[in-house]
Amino acid sequence: MPVRSTDLIQHPYTPPAGFSAPQPGVYKASTVIFPNVAALRARDWKHKTGYTYGLHGTPTTFQLEERIATLEGAKHCLLVPSGLAAIANVDLSLLSVGDEVLIPDNVYGPSKTLAEGELAQWGITHRYYDPMDPAAFEKLLGPKTRLVWLEAPGSVTMEFPPLAQFIEACRRRGITTALDNTWGAGLAFNGFDLGQGSGADIVVQALTKYPSGGGDVLMGSVCTRDDDLHTQLKMTHMRLGLGVGANDVELVLRSLPSIAVRYRAHDVSARQLAAWLGGRPEIAAVLHPALEGSPGHEHWRAVCGGQGLAAGLFSVVFHERYPAARVDRFCDALKLFKLGYSWGGPVSLVVPYNLPSMRTASLGTWAHKGILVRFSVGLEEAEDLRADLEQALAALG
């Protein structure tokens, strides 16, 4: 008798319980099966007490949320499809018509375009502030300011701000603060505890970077310690349908146990290369928070400690005698460093930037006129990367 499709779909076999392995199981679902109508009506999707629909969580996503919350020192975590989605989730949860958001001038670029695009269209205003000038920042805070974004260090130019001063200024006025902690990855410092009782209200991270570690996943997280704030963020998360795929969650869960080892390896190699480039005649400045003389180095020391962590990311500014075309030639000549955005994966990356197109409020205080190039140091041998940089510098002419 031929096999009937119903027998395959409605098969009665259930595997025995008690299976255990180093990696958690992967549960994929849109539909969740309920045992009866009473259970269907009783379950609440807002809490991790049961399952209602794949978009609201599975055992797989719940496990990653709990582990990221532990990594960040948070109580709650929401997973979203990208780091930018994490920023959008926060903005759309907390801001409405007539509100204002303050954004550091060196913030992750798409955060600016979101504010200048959708937020502006919806009647939400924004202003940019100099992330190294707390006194000027405090004068910007007004009755319409509802949210302040922080980033440490700043995107591309790597300034490390006095985070606690900005947070305290907001706390005195009841303004919510959100920190992009992608660089710190929950390892270099705790965004919820910056000393003297200071800490951000919300910490977001692009899990795309160090938690994934493979350059093959897009995902973000939104973490909080406050129950009510988490519920507000979760409601927007639900209404926007910000789900993540189980296979992507599996990849991050698989990589997460090695994040501390990988982060330190990136850090060690990046410091070696940054220090070496600092002695090259072609380079006017090296921007790395852990190096003395880099903008905000003292703030990095205060938050991360003198022997603290500092990721695998740094930028250099070429002497102004090298025009953009010659710096492009240098980047094209690199063999191990690949041209590509993002960072935190095993492959080293390089990108030249047009800084004037990226800055508004603080560009007038920028001390360098040369072309800026950002490096993400991967997991290759540091001596091989140094040799690659050396041969590419020779191509400058």
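The values are calculated or read from the model by the stated rules, or taken from the named source; none is laboratory data. What you see is a predicted model, and the numbers here were worked out from it, not measured in a lab. Glycine also receives a Cβ, built like all others from the backbone with ideal geometry; neighbour counts cover every protein chain displayed.
Restricting attention to region 92-144 and to residues that are of a type in the set (S, T, Y) and surrounded by fewer than 20 Cβ atoms within 10 Å (Cβ to Cβ), the residue that is farthest from W300 (Cα to Cα) turns out to be S96.
For region 273-293, filtering for residues that are of a type in the set (A, V, I, L, M, F, W, C) and out of contact with any helix residue (DSSP H, G or I) (no Cβ under 9 Å at 6 or more places or on another chain) leaves 3.
Checked against (1) without any contact (Cβ under 8 Å) to a residue 40 or more places away in the chain; (2) within 17 Å of L92 (Cβ to Cβ); (3) assigned to a helix (DSSP H, G or I); (4) not hydrophobic (A, V, I, L, M, F, W, C), K139 passes all but condition (2). The one condition from (1) touching a helix residue (DSSP H, G or I) at 6+ places or on another chain (Cβ under 8 Å); (2) surrounded by 21 or more Cβ atoms within 10 Å (Cβ to Cβ) that A86 does not meet is (1).
Just the residues that are of a type in the set (A, V, I, L, M, F, W, C) and assigned to a loop (DSSP other than H, G, I, E, B), please, taken from region 227-257. Step through it out loud before you land on a result.
Step one: list which residues in region 227-257 are of a type in the set (A, V, I, L, M, F, W, C), which gives 229, 233, 235, 238, 240, 242, 244, 246, 249, 251-253, 256.
Those that are of a type in the set (A, V, I, L, M, F, W, C) and assigned to a loop (DSSP other than H, G, I, E, B): L242, V244.
Tally time: how many residues in region 283-305 are in a helix (DSSP H, G or I) and β-branched (V, I, T)? Give the derivation first.
Applying the first criterion (in a helix (DSSP H, G or I)) to region 283-305 yields 297-304.
When the remaining residues are screened for being β-branched (V, I, T), the result is 303.
Total satisfying the criteria: 1.
Close contacts from region 367-391, counting a first residue that is over 11 Å from S348 (Cβ atoms) and a second that is in a loop (DSSP other than H, G, I, E, B) and of a type in the set (D, E, K, R), with Cβ to Cβ under 9 Å and a gap of 6+ residues or different chains, come to H368/E320; K369/E320; G370/E320; G370/R321; I371/E320; E390/R280; Q391/K335.
Taking (1) more than 19 Å from I202 (Cα to Cα); (2) touching a helix residue (DSSP H, G or I) at 6+ places or on another chain (Cβ under 6 Å); (3) of a type outside the set (A, V, I, L, M, F, W, C) in turn, S111 satisfies each apart from (1).
Against the definition (of a type in the set (A, V, I, L, M) and over 14 Å from A206 (Cβ atoms)), how does L92 come out, yes or no? The answer is yes for L92. If you go through region 175-206 and keep only what is among the acidic types (D, E) and surrounded by 24 or more Cβ atoms within 10 Å (Cβ to Cβ), you end up with just D180.
Residue check: L273 meets all listed conditions (1) crowded, with 18+ Cβ neighbours inside 10 Å; (2) touching a Ser or Thr at 6+ places or on another chain (Cβ under 8 Å); (3) assigned to a helix (DSSP H, G or I) but one, namely (2). Go through region 353-397 and count every residue that is of a type in the set (V, I, T), modelled with pLDDT under 95 and not in a loop (DSSP other than H, G, I, E, B). Count: 1. Within region 123-135, the set of residues being in a loop (DSSP other than H, G, I, E, B) and in contact with a helix residue (DSSP H, G or I) (Cβ under 9 Å, 6 or more places away or on another chain) comprises I124, D130, P131, M132, D133. Evaluate the following for T224: is it among the hydroxyl-bearing types (S, T, Y) and closer than 16 Å to S82 by Cβ? Answer is no for this residue. Annotation note: of S111, S96, the sole residue that is of a type in the set (S, T, Y) and part of a loop (DSSP other than H, G, I, E, B) is S96.
Scanning region 136-148 turns up at least one residue that is of a type in the set (A, V, I, L, M), within 19 Å of the chain's Cα centre (by Cα) and not assigned by TED's automatic domain parsing to the domain that holds L349. Checking each residue in region 324-352 for being touching a residue at least 12 places away in the same chain (Cβ under 8 Å), outside any helix (DSSP H, G or I) and out of contact with any Asp or Glu (no Cβ under 7 Å at 6 or more places or on another chain) picks out K338, L339, S342, W343, G344, G345, P346, V347, L349, V350, V351.
Residues to consider are G199, G213, G195; find the one that is modelled with pLDDT under 95 and either β-branched (V, I, T) or in a loop (DSSP other than H, G, I, E, B) (or both). First the steps, then the outcome.
Values: G199 fails: modelled with pLDDT under 95; G213 fails: modelled with pLDDT under 95.
The unique qualifying residue is G195.
Taking region 8-59 as the range and being surrounded by 10 or more Cβ atoms within 10 Å (Cβ to Cβ), more than 29 Å from the chain's Cα centre (by Cα) and either at pLDDT below 90 or not in a loop (DSSP other than H, G, I, E, B) (or both) as the test, the residues that pass are A39, L40, A42.
To keep it simple, each residue is scored yes or no on (1) in contact (Cβ under 8 Å) with a residue 24 or more places away in the chain; (2) under 21 Å from G308 (Cβ atoms); (3) in contact with a helix residue (DSSP H, G or I) (Cβ under 6 Å, 6 or more places away or on another chain).
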position	(1), (2), (3)
Q196	yes, yes, no
L218	yes, no, no
T236	yes, no, yes
A246	yes, no, yes
V249	yes, no, yes
R262	yes, yes, no
